[in-house]
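Read the structure below first, then the notes.
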Amino acid sequence: MASPDGSPVPTPSPAAGSAGSLAATRPPQRPASADDDDDEATRLIPAPRPPGVGASATASPGLPPQPLRDAGATLPGGPPAGEAQVRQVGRYEIRERLGRGGMATVFRAHDPSIGRDVAVKFLHASLSENEEVRARFLREARAAGRLSHPNIVIVYDVGEIEGRPYMAMELLQGQPLNALMDQGEPLEVREALVLGIQLALALDYAHAHGIVHRDIKPSNIVRLQGAQTIKVTDFGIAHMDTVGDEQRTRVGDILGTPQYMSPEQTQGEKLDGRSDLFSAGIVLYQMLAGQRPFTGDSLVSLALQIAKEDPPPLERLRPELPPGLARVVQRCLAKAPQQRYQSGRELAEALGKVLAAMDEAAQQRDKPRIVPLRVKWAASMALVVAVVMGLAATVVTQRQAAAMRGQAMDVGAALARLIAVQNAAPALAEEWVTVEVALQEAMRTRDLHDVAVLDRAGVVRASSQGALLNQPYRAPAGQALGRRGDAVQVTRYQDGTASVLGFEAPITFQGKAVGRVVLGLPEAPLLAVVRLSLAWMALLVLVTVVAVAAAMYFLAERLARPIRRLGSALDEIAAGHVEHRIGEQRKDEFGLLFAAFDRMAQALQSRLGPPERTP
């Protein structure tokens, strides 16, 4: 973490390798725990530990840096005099102690030869007396120094000062991942993928150069301040393949942090890069789930879990994960090395596919929703035609229904007058039996709803309904529709559920009224004709609308093709392909537009010069 003036804030950080925490902030005799990420307490080391393990080269927020007067036993040359704030060790100006682990101590120092602050890791004096430890520290520090990758901490210098092996490393401004995950909250999925891809590529590079890290864990992965860039630190217990693939670690040595070990690592077997990928899978799992996949009450139970048991499924802990991501992590955590990804690049590519799918889905969600021209024009024309034809059909149908109703009323009125004329003489002579017979004959046609003949006093003398005979006539309540001619009165009334047109005409003989005829015609046949007319009109409107919409859709599609072609050509220009031409001759406005585009592209090419060709 940088101070306001831009310089690193010298504070201790979680140690890579064996310095998972600082001696100044930890009880010296704390018992080991299988779920603790403190390396000094939890490393399984039956044999003497390898050198080079110490605090990571990270200047991060936390406890204040340790004064140099407390670091005399960890620096070459003995304790400093007085209260000196800067001490010269070799060519390095030691400024402050960043962290101390069980095997080494890291200091913030200034290197005048390169004009920058660095992190210098010194092997403890007691271990420096062991020639095997010294040789291993220097050998593997030099191996790490050969690694030059944007996601691996830079080793500037390796050597000895007064018999004390040291390595000078890049001083990082940021936080180790374990500090970001201390609250047990998972990281954002996209952030976890970006960090995981960088970790996989860093491991792929190290493995390609014969280096197996063997202690991949969050505290050895530093996220740089203000960026989503990580640096893999502390290759202090890394294994370097040599000629003949000699395994320099003695049989039975178990090196690493238990919670992040691979199955073969817990058993002290020979390791390769796939062991690092298992540890990377544990880190990925923890970033996504907010918890480690393997936990235990003791180191033995933890080792058994890693070797035999599957972790809780990621889909259950975080259902919203993108498809395929859980399978990637699951493959990393396969017990058999041959079932895992065989290289860091394979893992990076798998994570990259998940990230690309996420980004594509996000682009689709954020992409402006447009209505294609073919759909917009087709819908617009269909709407216009539907409205126009609907209004026209409504007017036509209403006029047609009114005309048919008027015709039916004219027919009913004529029929009522005809019955009145036919029964005028019998009504005058009061021969009601003759009238009754005539009415019954008329009812046989079944075109009439009812018919009745009334005398001068309004009494029913003949009727198709026997219950009305010799009863005063009571006109049914209904709607008056006016008169037809001068004498026939027309009404509409309901008889149950049936709508009836009623006609009342006078019976006259030589100009004198001798009675009345009451006639009812059912309106159902007329309504059936109206409904049929409406149905055919609606079908006509529907067919016309569909035909117009289809025609407009295909016409708009033809118009959209040159628009898409022009858009594609513009994309080519935006990509720098100024030599691109449409080159299509059309005798319409699009032809003029294409020609204008080609002239623009030619002018750009002339101004920028010919494009460079890749051999």
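The values are calculated or read from the model by the stated rules, or taken from the named source; none is laboratory data. As the structure is a prediction and not an experimental result, all values here were calculated from the model. So basically every Cβ, Gly included, is an ideal-geometry build from the backbone, and we count neighbours across all protein chains shown.
Matching residues to (1) closer than 18 Å to residue 210 by Cβ; (2) buried (at least 24 other Cβ atoms within 10 Å of the Cβ); (3) at pLDDT below 90; (4) of a type outside the set (D, E, K, R):
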| site | (1), (2), (3), (4) |
| --- | --- |
| 224 | no, no, no, yes |
| 235 | yes, yes, yes, yes |
| 242 | yes, no, yes, yes |
| 250 | no, no, yes, no |
| 260 | no, yes, no, yes |
| 270 | yes, no, yes, no |
| 277 | yes, yes, no, yes |
| 284 | no, yes, no, yes |
| 291 | no, no, no, yes |
Study note, to complete from the structure: So, first residue over 21 Å from residue 318 (Cβ atoms) in region 265-287, second residue among the acidic types (Asp, Glu) and in a helix (DSSP H, G or I), Cβ within less than 7 Å, six or more apart or across chains; the pairs are 271/264; 275/264
Revision key, fill the gap. Turns out the helices (runs of 4 or more DSSP H) fully within region 263-334 with at least 1 residues that are in contact with a Phe, Trp or Tyr (Cβ under 7 Å, 6 or more places away or on another chain), aliphatic (A, V, I, L, M) and closer than 14 Å to residue 216 by Cα are 273-289
Practice item. Return the only residue of 107, 122 being touching a Pro at 6+ places or on another chain (Cβ under 8 Å) and surrounded by 14 or more Cβ atoms within 10 Å (Cβ to Cβ). Key: 122
Practice item. Hey, could you check region 536-550 for residues that are in contact (Cβ under 8 Å) with a residue 24 or more places away in the chain and among the small types (Gly, Ala, Ser) and say which is surrounded by the fewest Cβ atoms within 10 Å (Cβ to Cβ)? Key: 550
Point to revise | Filter result (modelled with pLDDT under 90, aliphatic (A, V, I, L, M) and buried (at least 19 other Cβ atoms within 10 Å of the Cβ)) within region 449-469 | key: 468
Review point. Any residue in region 135-147 that is closer than 17 Å to residue 75 by Cβ and either modelled with pLDDT under 90 or buried (at least 19 other Cβ atoms within 10 Å of the Cβ) (or both)?
Key: yes
**Study point:** Hey, residue 71 touching a Phe, Trp or Tyr at 6+ places or on another chain (Cβ under 9 Å), at pLDDT below 80, surrounded by 13 or more Cβ atoms within 10 Å (Cβ to Cβ) and of a type outside the set (Ser, Thr, Tyr) or not
**Key:** yes
Practice item. Among what's in region 506-535 and is small (Gly, Ala, Ser) and out of contact with any Ser or Thr (no Cβ under 8 Å at 6 or more places or on another chain), pick the residue that is surrounded by the most Cβ atoms within 10 Å (Cβ to Cβ). Key: 515
**Study point:** The lone exception for residue 369 - which of (1) at pLDDT below 85; (2) in a helix (DSSP H, G or I) it fails
**Key:** (2)
**Study point:** Single match in 442, 477, 424 (criterion: touching a residue at least 12 places away in the same chain (Cβ under 8 Å) and either touching a helix residue (DSSP H, G or I) at 6+ places or on another chain (Cβ under 8 Å) or not hydrophobic (A, V, I, L, M, F, W, C) (or both))
**Key:** 442
Check your understanding: What are the residues in region 347-373 that are surrounded by 10 or more Cβ atoms within 10 Å (Cβ to Cβ), more than 12 Å from the chain's Cα centre (by Cα) and free of Cβ contacts under 8 Å to residues at least 40 places away in the same chain, if any?
Key -> 349, 350, 353
Practice item. For residues that are assigned to a helix (DSSP H, G or I) and without any contact (Cβ under 8 Å) to a residue 12 or more places away in the chain, scanning just region 427-439, find the one that is surrounded by the fewest Cβ atoms within 10 Å (Cβ to Cβ). Key: 433
Review point. Restricting the first residue to region 386-412 and requiring it to be over 26 Å from residue 522 (Cβ atoms) and without any contact (Cβ under 8 Å) to a residue 24 or more places away in the chain, which pairs with a second residue that is outside any helix (DSSP H, G or I) and of a type outside the set (Lys, Arg) meet a Cβ separation below 8 Å and a spacing of at least six or different chains?
Key: none
